[in-house]
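The values are calculated or read from the model by the stated rules, or taken from the named source; none is laboratory data. Fair warning: this is a prediction, and the values are worked out from it, not measured in the lab. So basically every Cβ, Gly included, is an ideal-geometry build from the backbone, and we count neighbours across all protein chains shown. Accessible surface areas use protein heavy atoms only, side chains included; no ligands, DNA or RNA. Shrake-Rupley method; radii C 1.70, N 1.55, O 1.52, S 1.80 Å.
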Amino acid sequence: MHDYRVLDSAVLHHGWCYDLTAETVAMPGGGSARREFLDHCGAVVTVPLDEEGRVGLIRQYRVPPKELMWEFPAGLRDVQGEDPAAAARRELAEEVDLAAADLVKLGEFYTTPGISNELIHYFLATGLTPVPEADRHERTDEETCIELVWWDLDKALAAVADGEIRNGVCALALNLTRLHLERR
């Protein structure tokens, strides 16, 4: 097995949740190659599942695609040393005012490994209760208009196939949820 050693590394741009990094890596055959990528802080996604078996989706504006997108409560792992499960609980409370009695890890996956090391941890949240009014997070910017909508899981999966749900992280979360529920 070849040792893909990093020969040189430089931060080209420091962003709010990632750095644009350039690395020169030793390649098989004695050569090297320079690769630029986003060195990302990582993220979590939480799939709220209610007692009726419905999933809670939110519609949120995303600046890069310039679209309102269906997705799950999610957020950055931008709190130093925070456990992914704690981050998932925090994001669930911040984005949709829910607390989960139970949290099950569905997996962790890279979003776009050719250009980013962003690793997303996926969780299923059940035993949902509302966060008390006094403890609710004040949402700002594009999170201000977040609304939670409960979907039948089969309808949400069909919406992926039909192109209504275009967020790949959401599509994977839906399929991971389906697989988890089928294995129980």
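Structure above, values below:
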{"read-out": "Filter result (assigned to a strand (DSSP E or B), farther than 21 Å from R178 by Cα, open to solvent by 80 Å² or more (accessible area, probe 1.4 Å) and not hydroxyl-bearing (S, T, Y)) within region 52-75", "value": "L68"}
{"read-out": "Residue match in region 76-90 (condition: outside any helix (DSSP H, G or I), within 19 Å of A171 (Cα to Cα) and at pLDDT below 95)", "value": "yes"}
{"read-out": "Number of positions in region 86-103 that are closer than 26 Å to D39 by Cβ and open to solvent by 30 Å² or more (accessible area, probe 1.4 Å)", "value": "4"}
{"read-out": "All positions within region 1-49 that are open to solvent by 30 Å² or more (accessible area, probe 1.4 Å) and not in a strand (DSSP E or B)", "value": "M1, H2, D3, Y4, R5, W16, M27, P28, G29, G30, G31, C41"}
{"read-out": "Region 105-129, subset hydroxyl-bearing (S, T, Y) and touching a residue at least 12 places away in the same chain (Cβ under 8 Å), residue surrounded by the fewest Cβ atoms within 10 Å (Cβ to Cβ)", "value": "T129"}
{"read-out": "Options L119, L103; residue that is within 18 Å of A43 (Cβ to Cβ) and touching a Lys or Arg at 6+ places or on another chain (Cβ under 8 Å)", "value": "L103"}
{"read-out": "Filter result for the condition that a residue is free of Cβ contacts under 8 Å to residues at least 40 places away in the same chain, surrounded by fewer than 16 Cβ atoms within 10 Å (Cβ to Cβ) and either in contact with a strand residue (DSSP E or B) (Cβ under 6 Å, 6 or more places away or on another chain) or closer than 23 Å to H121 by Cβ (or both), over R139, R166, R178", "value": "R178"}
